[in-house]
1. Give the Rg (one decimal place) followed by the Dmax (whole number) of region 87-183, computed from C-alpha coordinates and expressed in Å.
2. Going by C-beta contacts inside 10 Å, put 75, 130, 63 in order with the fewest on the left.
3. Provide the percentage of antiparallel DSSP beta bridges, counting only those with both residues in the chain; round to the nearest 5.
4. List 134, 112, 184 from most exposed to least, where exposure is judged by having the fewest other Cβ atoms within 10 Å.
5. So if I average 1/r over every pair of distinct C-alpha atoms in region 2-83 and take the inverse, what Kirkwood radius in Å does that give?
6. When you count, for each residue, the other Cβ atoms within 10 Å and take the mean per peptide, how do 119-128, 33-42, 87-96 rank with the highest first?
7. Using a ≥ b ≥ c from the Cα gyration tensor of region 60-100 (square roots of the eigenvalues), is it rounded, prolate or oblate, where a/c under 1.5 gives rounded and otherwise the larger of a/b and b/c decides, a/b for prolate?
8. Cα gyration tensor of region 67-133, axes a ≥ b ≥ c as square roots of the eigenvalues: rounded (a/c below 1.5), prolate (a/b > b/c) or oblate?
């Protein structure tokens, strides 16, 4: 019984997430999380454009709250907005931007579109980035193109701090799959050793003594 209830909750959460994405518009939000509290449901939306979601005088939030009540049978939904101040480190936002550019400009410019996003992410200070495109891409013998720069952990505990996302671009020649992985400069790596400036200074002084 508990297992069925859990499955239903997960299905409902996914349906709510997909609806909010359509309501807000592609490329305007990153994550949607649902938390259940004694007083109702908390819908946490992460976005780099909170103004578009809130609307003038909060009208958009009010409209979305009413829809969630009626369409998804939520008793007392409360929407919380989390602003993303550095969208370059958010894999979902960057993935959606690539998808939108491919749909608008066409897949013939996939290299310039991807390199532009890659450069933007790295210039913002990311430690590493990997972008993969697969599908109907012109002039591509291989089905998948990989664009990467910097350091990116792929295995072990350190790989868990890499932000990953995927999306699809519906272009005239066909569907293009997009995957983005970003290692933020704020990520804490368990296998990383940091030496303080003070300790480094002491070590240099000791080396001088032995010379």
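Where a number appears in this text, it was derived from the coordinates with a stated rule and is not lab data. Please read these numbers as outputs of a predicted model, since none were measured by experiment. Using ideal geometry, Cβ is built from the backbone for each residue, glycine included, and neighbour counts are taken over all protein chains shown.
1. Just the Cα atoms of region 87-183 yield Rg and Dmax of 12.9, 40 Å.
2. Values: 75 8, 130 20, 63 12.
Going from sparsest to densest Cβ surroundings: 75, 63, 130.
3. Antiparallel bridges make up about 80 percent of those DSSP assigns within the chain.
4. Final ranking by Cβ density, sparse to dense: 112, 134, 184.
5. Kirkwood radius, region 2-83: 13.1 Å.
6. Descending packing order for the listed peptides: 87-96, 119-128, 33-42.
7. Numbers: a/c = 3.46, a/b = 2.24, b/c = 1.54.
Prolate is the answer for region 60-100, as a/c is 1.5 or above and a/b outweighs b/c.
8. In terms of gyration-tensor shape, oblate.
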